[in-house]
Amino acid sequence: MNRNLTTAKNFAVDILKTVREPWIVLDTNLRIKSANEVFYKTFRTSEAAIENKSLLSFGSRDWNLPKLERLLKKVLNEKTTIKDYEITQEFPVLGER
């Protein structure tokens, strides 16, 4: 990878890690590439537990929501962004998130 691109990517990741809301980065196959500490804390998980795992099979498949999968695939296919969209899910141990 180009050194400037690597530096820019690392800078962007460092900035995102300061966000106070949980976030994850997915690849084109909806596999989790990274997340911030707020995500790990909110969903009681760790980098080792989720890295390179499919979002849809993460945990007890709690994220396997057809509406979410359609939305994410639309974003990937149409190269669009999601803004002000919220999904609420009841997690067995965590409650509603």
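The values are calculated or read from the model by the stated rules, or taken from the named source; none is laboratory data. Since this is a predicted model, take the numbers as computed values, not measurements. Note: ideal-geometry Cβ built from the backbone for every residue, glycine included; neighbour counts use all protein chains shown. Side chains included, ligands, DNA and RNA excluded: accessible areas come from the protein's heavy atoms. Shrake-Rupley method; radii C 1.70, N 1.55, O 1.52, S 1.80 Å.
Assorted remarks:
- Enumeration of residues in the range 67-93 that are surrounded by fewer than 10 Cβ atoms within 10 Å (Cβ to Cβ), in a helix (DSSP H, G or I) and in contact (Cβ under 8 Å) with a residue 12 or more places away in the chain: Lys67
- Pairs with Cβ under 6 Å, 6+ apart, first in the range 38-55 and at pLDDT 90 or above and assigned to a helix (DSSP H, G or I), second open to solvent by less than 80 Å² (accessible area, probe 1.4 Å) and of a type in the set (S, T, N, Q): Tyr40/Ser46
- One residue stands out in the range 14-66 among those that are acidic (Asp, Glu) and open to solvent by 60 Å² or more (accessible area, probe 1.4 Å): the one that is nearest to Glu86 (Cα to Cα), namely Glu21.
- Selection status of Lys33, charged (D, E, K, R) and in a strand (DSSP E or B): yes
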